[in-house]
Amino acid sequence: MTSVSVKAEFPAEARSQITRLETLAELEAFEPAWEALLSRCTQSSIFATFDYVRLAWEYFHQEGDRLLVLVLRREDQVVAVAPFRVSIASVRGIPVRQVEWIAKWEGDRPGVLCATDPAWVWRRLAHFFAREYRGWDTLRLSEQDEAAQAHFRFEDEATLDISTDSEGYYIPLGGTFDEYLKGVDAKVKSNWRNRSRKVGALEPKPIMHRLDSLEHMAAGVDRLIALERASWKGDAGLGLGKDERHRLFYLALTRALAARGRAAICFLSRGEEDLAGTLLFMLGGVVYERHIAYSPNHAALSPGIVLRADLLKSLFESDWQEFDLMGMRPEVGRQRHKEDWATGRRETVCLQFHRNRGRLLPWLVARRLRSLVRFAVPKRQAAQPIDVDQSES
């Protein structure tokens with residue numbers, strides 16, 4: 001982790017305005033404007049959509065959490081939405097008001113929904129937190145790319161800690177599936193082809209099928225959870241069904257997204273038996289592989305990889321531009337099933353700002369003093385005179 005002081009470079013702009021949505025009623029009333037903004041965005045994330053933000057807040061917020069969804073307007077037109085929340089956190093034993101992304105709950109690479117210059121939006125947000133809103137002590141921007149790091153800066157208002165966050169994997173869908181396979185390791189391809197032949201030899205013959213209508217989402221989520229619970233994910237407490245709250249969240253989310261054509265669940269099945277399944281989100285040319293699971297009874301056949309390869313074949317023949325395998329945190333360990341098939345990677349950092357005049361002031365002063373002492377001791381040692389034996393000169 002590195003720590004630096006940061007300064008803002010964005011002046012107040014008379015014709016720009018930031019308003020706050022701080023209640024569920026205000027958030028729900030803003031849905032039409034949110035969807036209208038999304039339709040104008042050339043780049044967007046499923047985790048910054050209205051449905052995702054509203055349902056993540058509904059199912060995961062705790063008592064004491066507060067909504068802080070920021071709406072940026074320029075010349076009276078909505079140009080960006082930044083979905084934050086304020087929670088009480090502990091830093092070095094000190095209770096602080098911490099601002100974080102709502103999409104940190106079950107999300108990936110949280111960020112801003114933006115229909116204008118992203119650099120301008122980041123600078124405007126920095127000005128807002130530095131000059132217009134003081135109800136925070138720490139501001140934690142997880143899984144951010146270079147754009148946020150370059151443009152989200154304060155004017156002597158905060159100390160920034162930067163740490164490595166997650167690594168994401170993706171597959172560009174340009175060209176053909178056969179051209180894509182040329183970039184995949186030979187051993188990985190050989191293993192997949194071998195497993196695919198063995199899966200294809202099962203009776204009855206497994207087929208891939210897709211559920212994407214609203215009325216089929218509930219059954220699809222429960223089938224996917226059944227696969228997870230039968231596998232290692234069940235013991236590890238991971239996936240859609242880690243607890244009842246997560247199950248209800250994904251039931252509601254898949255139905256909401258499916259109603260807009262933004263969610264599907266694919267299964268590789270033979271008869272009534274599911275060998276593997278995957279939950280997909282779709283938005284803005286990107287297909288997100290949110291969760292994938294397989295039956296442990298057929299683990300030797302790698303049915304999850306077979307399902308993904310069959311899905312990729314169909315996507316390379318479509319208008320989709322990217323297959324996003326999602327990010328993983330370093331502590332989870334290597335994810336070979338993603339590393340082996342991805343042809344692109346995204347590294348992100350966590351930007352954590354501590355407001356210099358907030359509740360963390362005593363800790364920040366003590367940390368600065370310790371840093372000065374560590375710097376001063378080697379400097380004094382280097383300045384010590386060298387004792388030279390004059391008799392040898």
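The values are calculated or read from the model by the stated rules, or taken from the named source; none is laboratory data. Since the structure is predicted, the reported quantities are computational estimates derived from the model, not experimental observations. Virtual Cβ from ideal backbone geometry, glycine too; neighbours counted across all protein chains shown. Accessible surface is based on the protein model in full, side chains and every heavy atom, while ligands, DNA and RNA are left aside. Shrake-Rupley method; radii C 1.70, N 1.55, O 1.52, S 1.80 Å.
Would the range 65-85 turn up any residue that is open to solvent by 10 Å² or more (accessible area, probe 1.4 Å), touching a Gly at 6+ places or on another chain (Cβ under 6 Å), in contact (Cβ under 8 Å) with a residue 24 or more places away in the chain and not small (Gly, Ala, Ser)?
no
In the range 256-304, what residues are β-branched (Val, Ile, Thr) and at pLDDT below 95?
Within the range 256-304, the first condition is being β-branched (Val, Ile, Thr), and the residues that meet it are 265, 278, 286-287, 292.
The answer is ILE292, and nothing else.
Just one of the numbered conditions (1) in a strand (DSSP E or B); (2) β-branched (Val, Ile, Thr); (3) farther than 30 Å from ARG247 by Cα is not true of ILE171; which one?
Of everything listed in (1) in a strand (DSSP E or B); (2) β-branched (Val, Ile, Thr); (3) farther than 30 Å from ARG247 by Cα, ILE171 misses just condition (3).
Tell me which residues, restricted to the range 208-218, are assigned to a helix (DSSP H, G or I) and open to solvent by less than 60 Å² (accessible area, probe 1.4 Å).
Residues of the range 208-218 assigned to a helix (DSSP H, G or I): 214-218.
Matches in the range 208-218: MET217, ALA218.
In this structure, does SER318 turn out to be over 24 Å from LEU55 (Cβ atoms), assigned to a loop (DSSP other than H, G, I, E, B) and either among the polar types (S, T, N, Q) or touching a strand residue (DSSP E or B) at 6+ places or on another chain (Cβ under 9 Å) (or both)? Quick ask: steps written out before the conclusion?
Numbers: over 24 Å from LEU55 (Cβ atoms): yes; assigned to a loop (DSSP other than H, G, I, E, B): yes; either among the polar types (S, T, N, Q) or touching a strand residue (DSSP E or B) at 6+ places or on another chain (Cβ under 9 Å) (or both): yes.
It is true that SER318 is over 24 Å from LEU55 (Cβ atoms), assigned to a loop (DSSP other than H, G, I, E, B) and either among the polar types (S, T, N, Q) or touching a strand residue (DSSP E or B) at 6+ places or on another chain (Cβ under 9 Å) (or both).
What number of residues in the range 1-46 are among the hydroxyl-bearing types (Ser, Thr, Tyr), modelled with pLDDT of 95 or more and in contact with a strand residue (DSSP E or B) (Cβ under 8 Å, 6 or more places away or on another chain)? Working first, answer last.
So in the range 1-46, the residues among the hydroxyl-bearing types (Ser, Thr, Tyr) come out as 2-3, 5, 16, 19, 23, 39, 42, 44-45.
Right, trim to modelled with pLDDT of 95 or more and you get 19, 23, 39.
Imposing the further condition that a residue be in contact with a strand residue (DSSP E or B) (Cβ under 8 Å, 6 or more places away or on another chain) reduces the set to 19, 23.
Matching residues across the range 1-46 total 2.
Looking only at the range 288-302, count how many residues are among the aliphatic types (A, V, I, L, M) and surrounded by fewer than 22 Cβ atoms within 10 Å (Cβ to Cβ). Even if it seems obvious, please write down each step before you answer.
Residues of the range 288-302 that are among the aliphatic types (A, V, I, L, M), as a first pass: 292-293, 299-301.
Still in the list and also surrounded by fewer than 22 Cβ atoms within 10 Å (Cβ to Cβ): 299-300.
Qualifying residue count for the region: 2.
Among the numbered criteria (1) open to solvent by 20 Å² or more (accessible area, probe 1.4 Å); (2) at positive phi; (3) of a type outside the set (A, V, I, L, M, F, W, C), which one does GLU146 miss?
The failed condition is (2).
Any residue that is open to solvent by 40 Å² or more (accessible area, probe 1.4 Å) and within 16 Å of GLY304 (Cα to Cα) - is there at least one of those in the range 265-281? Steps first, please.
So the first thing to find is which residues in the range 265-281 are open to solvent by 40 Å² or more (accessible area, probe 1.4 Å), and the list is 270-273.
When the remaining residues are screened for being within 16 Å of GLY304 (Cα to Cα), the result is 270, 273.
Looking for residues that are open to solvent by 40 Å² or more (accessible area, probe 1.4 Å) and within 16 Å of GLY304 (Cα to Cα), one finds at least one in the range 265-281, hence yes.
Rundown of residues vs (1) outside any helix (DSSP H, G or I); (2) open to solvent by 20 Å² or more (accessible area, probe 1.4 Å); (3) within 17 Å of LYS198 (Cβ to Cβ); (4) among the hydroxyl-bearing types (Ser, Thr, Tyr), yes/no style:
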| position | (1), (2), (3), (4) |
| --- | --- |
| GLU228 | no, no, no, no |
| GLY234 | no, yes, no, no |
| GLY239 | yes, no, no, no |
| HIS246 | no, no, no, no |
| GLY304 | no, no, yes, no |
| LYS313 | no, yes, no, no |
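Which ones in the range 16-54 are of a type in the set (A, V, I, L, M) and closer than 22 Å to ASP324 by Cα?
We begin by selecting, within the range 16-54, every residue of a type in the set (A, V, I, L, M); these are 18, 21, 24-25, 27, 29, 33, 36-38, 46, 48, 53.
Those that are of a type in the set (A, V, I, L, M) and closer than 22 Å to ASP324 by Cα: LEU38, ILE46, ALA48, VAL53.
Looking at LYS205 and the list (1) surrounded by fewer than 21 Cβ atoms within 10 Å (Cβ to Cβ); (2) in a helix (DSSP H, G or I); (3) at pLDDT below 95, which single condition is not satisfied?
(2)
Looking only at the range 94-152, filter to residues that are of a type in the set (Lys, Arg) and in a loop (DSSP other than H, G, I, E, B); which one of those is farthest from ARG74 (Cα to Cα)? Walk me through how you get there before you give the answer.
We begin by selecting, within the range 94-152, every residue of a type in the set (Lys, Arg); these are 97, 104, 109, 123-124, 131, 134, 140.
Cutting the leftovers down to in a loop (DSSP other than H, G, I, E, B) gives us 109, 134.
Working: ARG109: 25, ARG134: 22 Å.
Result: ARG109.
Quick check: is even one residue across the range 119-138 more than 24 Å from THR19 (Cα to Cα), surrounded by fewer than 20 Cβ atoms within 10 Å (Cβ to Cβ) and among the hydrophobic types (A, V, I, L, M, F, W, C)?
No, there is no match, as no residue in the range 119-138 is more than 24 Å from THR19 (Cα to Cα), surrounded by fewer than 20 Cβ atoms within 10 Å (Cβ to Cβ) and among the hydrophobic types (A, V, I, L, M, F, W, C).
Would you tally the residues in the range 274-299 being farther than 30 Å from ARG40 by Cα, touching a Ser or Thr at 6+ places or on another chain (Cβ under 8 Å) and not hydrophobic (A, V, I, L, M, F, W, C)?
Residues that pass the stated criteria total 4.
When you go through (1) of a type in the set (Gly, Ala, Ser); (2) in contact (Cβ under 8 Å) with a residue 40 or more places away in the chain; (3) in contact with a helix residue (DSSP H, G or I) (Cβ under 9 Å, 6 or more places away or on another chain) one by one for ALA150, which number turns out not to apply?
Tallying (1) of a type in the set (Gly, Ala, Ser); (2) in contact (Cβ under 8 Å) with a residue 40 or more places away in the chain; (3) in contact with a helix residue (DSSP H, G or I) (Cβ under 9 Å, 6 or more places away or on another chain), ALA150 fails exactly one: (2).
Check every one of the helices (runs of 4 or more DSSP H) wholly within the range 14-62 and list those with 2 or more residues that are touching a residue at least 24 places away in the same chain (Cβ under 8 Å) and more than 17 Å from LEU113 (Cβ to Cβ).
Working: elements: 24-29, 31-40, 50-60.
By residue number, 50-60.
A quick yes/no check of all residues on (1) small (Gly, Ala, Ser); (2) open to solvent by 60 Å² or more (accessible area, probe 1.4 Å); (3) modelled with pLDDT of 95 or more:
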residue	(1), (2), (3)
GLU157	no, no, no
ASP161	no, no, no
ASP165	no, no, no
ALA186	yes, yes, yes
SER190	yes, yes, yes
SER196	yes, no, yes
VAL199	no, no, yes
